[in-house]
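Enquirer: Below is the structure I would like to discuss, written out as structure tokens.
The values are calculated or read from the model by the stated rules, or taken from the named source; none is laboratory data. Just so you know, these numbers come straight off a predicted model, no measurement behind them. Every residue, glycine as well, gets a Cβ built from its backbone with ideal geometry; the counts of neighbours run over all protein chains shown. Side chains included, ligands, DNA and RNA excluded: accessible areas come from the protein's heavy atoms. Shrake-Rupley method; radii C 1.70, N 1.55, O 1.52, S 1.80 Å.
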Amino acid sequence: MTMAGSPVRTEALFDVLDPATGEVCGRAPDCTGEQLDAAVAAAAGAWPAWRSDAAYRRRCLAEAAVVLRGAAGGLAALLTMEQGKPLRESATEVARAAARFEYFAGLEYGPQVVEDGDEWRVEVHRRPFGPVAALVPWNLPLQLAAAKAVPALATGNTVVLKPSPHTPLATLELGRLLAGVFPPGVLNVVSGRADLGRLLVRHPGIRKVNFTGSTATGQSVAAAAAPDLKRLTLELGGNDAAIVLDDADVERVAEGVFGPAFANCGQLCLAIKRVYVPDALHDDLVAALAARAGQLTVGNGADPATGMGPVNNRAQFDRVTGLVADALAHGARAAAGGHALDGPGTFHAPTVLDGLTDGVRVVDEEQFGPVLPVIRYRDTEDALARANNSPYGLAGSVWGTDLDRAASIAERMECGTAWVNAHIRMTFTEPFAGSKWSGLGVSGGEWSLHSHTEPFVVHRPKK
Ligand code: NAD
């Protein structure tokens with residue numbers, strides 16, 4: 001466990017594996033229930049002073065951005081080692097995490113006056129909750145740690161941050177680096193195995209839970225938070241569709257779709273996870289995507305030549321290989337890949353599948369790996385209906401040259417964000433919210449400030 005300002009030593013450690021080699025690359029503290037109590041108590045103890053001085057908070061956030069940028073090389077190397085992604089992607093992740101600290105350091109918010117008449121003035125203030133639990137998955141450990149911790153800290157909450165047991169090392173290092181920036185107890189990083197998240201969510205000292213992970217875990221987090229009505233933000237799974245229109249330029253679509261489907265080895269909540277393409281463009285698009293897959297160099301993320309790293313962990317690797325085997329058994333054709341690569345790491349070939357349709361698991365479920373099913377359609381309305389026919393609703397995109405037509409279809413996608421001729425283009429200022437099973441609550445920019453505070457209304461007579 002790392003508490004800002006006061007690292008606590010723990011006896012028990014657990015192994016962290018490098019997915020590129022299958023070997024132990026580090027050990028992380030296996031936090032006990034008592035140590036978790038101590039972290040939550042530290043967060044509660046630090047809260048009164050932290051909530052009382054917004055200008056000081058902004059200075060700390062700005063300094064944190066500087067510290068993270070100064071340590072970017074080491075953090076990126078650690079991230080690649082435990083997560084698998086190419087160093088270039090790790091560097092981007094660290095940069096985005098630092099930029100989020102900087103962005104929130106610059107955000108000011110004050111009371112809002114909703115009535116100012118002759119007799120009464122009514123002000124709406126925003127109050128933080130207290131200790132916030134931030135739970136993060138293994139795909140974007142640092143980026144999501146920042147996305148959860150920074151708005152909570154900016155609004156005067158204190159934080160207990162728990163990384164995934166697959167990727168705790170870079171987050172523990174972030175906690176260690178920021179121990180010199182935030183007062184003791186304000187930001188606490190706790191690592192542990194399976195049960196720690198459950199204990200953290202149920203902890204009576206926690207007032208809000210901000211969770212990113214799978215929909216199934218999110219559902220159990222919501223149930224665990226219910227008995228004492230903890231406030232909740234859930235950012236969950238997705239099955240983003242890209243709909244290609246009949247006037248699209250195939251090469252431009254292939255170029256635009258390939259990155260968002262295979263970046264981070266496809267392990268992104270916002271990855272393109274299925275593509276709907278009209279009959280007339282189908283073969284050309286499959287060939288163009290397969291050509292790109294064939295050119296991608298798969299290997300250890302630490303090697304600068306690597307374009308795509310391994311799947312992060314054995315369970316996810318087994319899931320991806322199982323979904324591909326199931327698709328092939330249901331008549332799919334692998335236009336590229338279609339198989340795992342030789343170990344010892346958990347490598348899977350970038351895979352483009354065609355010859356399949358809705359109802360096959362790899363289309364209906366979130367594969368979260370380097371696999372892209374391409375599905376034919378005849379009628380645009382039918383493609384839109386199939387894209388929307390999912391319990392998930394994170395994001396989607398529409399690709400075509402008539403931008404008004406593409407936008408009119410994008411606007412009818414049932415999800416939180418839709419793009420035209422792009423996918424995964426995001427700013428810090430916009431709201432980020434999944435609809436349906438993809439989430440609960442809103443984050444991003446001012447929306448994050450609201451979701452980490454509750455309104456407090458003061459009515460004041462003028463005389
Ligand atoms: P996961 O749900 O298994 O784990 C997420 C975190 O919760 C980890 O820290 C884990 O240790 C912890 N956890 C596990 N069981 C818990 C429990 N019962 N109570 C409390 N905490 C528990 O998710 P994962 O496999 O690490 O990540 C992949 C998933 O995350 C995918 O579904 C992906 O779409 C989703 N994701 C969503 C977003 C988004 O913003 N919507 C972003 C990234 C990833």
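Enquirer: Let me check the size of segment 240-420 from its C-alpha atoms; what are the radius of gyration and Dmax in Å?
Expert: Answer for segment 240-420, Rg first and Dmax second: 15.5, 49 Å.
Enquirer: I would also like to ask the following. Quick one: of the DSSP bridges fully inside the chain, what percent are antiparallel, nearest 5?
Expert: Details: 29 of 66 bridges.
Around 45 percent of the beta bridges assigned by DSSP in the chain are antiparallel ones.
Enquirer: Okay, moving on. Using heavy-atom solvent-accessible surface (probe 1.4 Å) with all chains present, what is the largest-first order of His166, His125, His459, His423? Show your work: numbers first, answer last.
Expert: Details: His166 80, His125 60, His459 120, His423 15 Å².
Final ranking, largest accessible area leading: His459, His166, His125, His423.
Enquirer: Please work out the C-alpha center-to-center distance from segment 21-60 to segment 358-420 and express it in whole Å.
Expert: Here the two parts' Cα centres lie 40 Å apart.
Enquirer: What number do you get for segment 366-463 when its Cα radius of gyration is normalised by 2.2 N^0.38 Å, N = residues?
Expert: On the way: Rg = 18.5 Å, N = 98, 2.2 N^0.38 = 12.6 Å.
The reported ratio for this selection is 1.48.
Enquirer: Kindly provide the helix-only [θ] at 222 nm of the chain, computed as the sum of -39,500 (n - 2.57) over DSSP H runs of four or more divided by all residues, to the nearest 500 deg cm²/dmol?
Expert: Numbers: 15 runs with 184 residues, N = 463.
Helix contribution divided over all residues of the chain: -12500 deg cm²/dmol.
Enquirer: Solvent-accessible area of Arg59, probe 1.4 Å, all protein chains present, reported in Å² to the nearest ten, please.
Expert: 150 Å²
Enquirer: Next question. For a quick check: with amide H placed at 1.01 Å from N, whose amide H comes under 5 Å from Cys25's, ignoring anything fewer than 5 positions away on the same chain?
Expert: Val16, Leu17, Asp18
Enquirer: While we're here: Sorted by accessible area (1.4 Å probe), largest first, how do Tyr392, Tyr276, Tyr109 line up? Before the final figure, lay out each step's value.
Expert: Values: Tyr392 40, Tyr276 0, Tyr109 80 Å².
Accessible-area ranking of Tyr392, Tyr276, Tyr109, largest first: Tyr109, Tyr392, Tyr276.
Enquirer: With no solvent and one equal point scatterer per Cα, compute the Debye intensity ratio I(q)/I(0) for the chain at 0.09, 0.10 Å⁻¹ and report its log10, rounded to two decimals.
Expert: -0.60, -0.74
Enquirer: Using the Karplus curve 6.51 cos²θ - 1.76 cosθ + 1.60 with θ = phi - 60°, what ³J(HN,Hα) values do you get for each residue of segment 160-169, in whole Hz, with x for Gly and Pro?
Expert: The phi angles translate into 10, 9, 10, x, 5, x, 6, 9, x, 5 Hz.
Enquirer: Another question about this same structure. Between segment 258-274 and segment 149-198, how far is it from one alpha carbon centroid to the other, in angstrom?
Expert: Cα centroid of segment 258-274 versus Cα centroid of segment 149-198: 27 Å apart.
Enquirer: To one decimal place, what orientation-averaged projected area in nm² is obtained for the convex hull of the Cα set of segment 30-121?
Expert: Values: hull surface 39.3 nm².
Reported value for the Cα convex hull: 9.8 nm².
Enquirer: Could you look at the chain and say what percent of its accessible area is carbon and sulfur, using a 1.4 Å probe and all protein chains?
Expert: Working: 9980 of 18480 Å².
The C+S portion of the solvent-accessible surface of the chain is 54 percent.
Enquirer: Something else about it: Sorted by accessible area with a 1.4 angstrom probe, largest first, how do Val94, Val66 fall?
Expert: Numbers: Val94 5, Val66 100 Å².
The ordering from most to least exposed comes out as Val66, Val94.
Enquirer: Which of Ala64, Ala387, Ala422 sits farthest toward the positive end of the charge dipole of the chain, with +1 on the Cβ of Lys and Arg and -1 on the Cβ of Asp and Glu?
Expert: In the chain, that residue is Ala64.
Enquirer: Which entries of Lys230/Lys463; Lys273/Lys436; Lys148/Lys273; Lys230/Lys436; Lys85/Lys273; Lys208/Lys462 have Cα-Cα distances beyond 28 Å here?
Expert: Details: Lys230/Lys463 39 Å; Lys273/Lys436 17 Å; Lys148/Lys273 25 Å; Lys230/Lys436 21 Å; Lys85/Lys273 19 Å; Lys208/Lys462 36 Å.
Where the Cα-Cα span goes over 28 Å, the pairs concerned are Lys230/Lys463; Lys208/Lys462.
Enquirer: As I understand it, the value is the acute angle between the Cα axis of helix 33-51 and the longest principal axis of the Cα atoms of the chain; what does it come to in degrees, rounded to 10?
Expert: Helix 33-51 sits at roughly 70 degrees to that axis.
Enquirer: Normalised by the residues of segment 200-291, what does the relative contact order come to in percent, with Cα pairs under 8 Å and at least six apart? Can you show the working numbers first?
Expert: On the way: 108 pairs, mean separation 24.7, N = 92.
The normalised contact order for segment 200-291 reaches 27 percent.
Enquirer: Something else about it: Given H placed on each backbone N at 1.01 Å, which residues far from Val186 in sequence or on other chains put an amide H within less than 5 Å of it?
Expert: Ala4
Enquirer: Before I look further, what does segment 235-343 give for accessible area per residue, probe 1.4 Å, in whole square angstrom? Working shown, then result.
Expert: Numbers: 3900 Å² over 109 residues.
I get 36 Å² per residue for this part.
Enquirer: Let me spell out the model: positive unit charges on the Cβ of Lys and Arg, negative unit charges on the Cβ of Asp and Glu, origin at the Cα centre of segment 240-420. What dipole size does that give, in debye rounded to 20?
Expert: 560 debye
Enquirer: Also, I was wondering about something else. Order 402-412, 264-274, 207-217 from most to least packed using the mean count of other Cβ atoms within 10 Å. Mind showing how you got there, number by number?
Expert: Values: 402-412: 14.8, 264-274: 25.6, 207-217: 21.4.
Packing order, densest peptide first, comes out as 264-274, 207-217, 402-412.
Enquirer: What is the distance in Å between the Cα centroid of segment 285-328 and that of segment 63-112?
Expert: Each part's Cα centre sits 26 Å from the other's.
Enquirer: At q = 0.18 Å⁻¹, what is the base-10 log of I(q)/I(0) for segment 334-383 according to the Debye formula with one equal point scatterer per Cα and no solvent? Please give it to two decimals.
Expert: So the normalised log intensities work out to -0.63.
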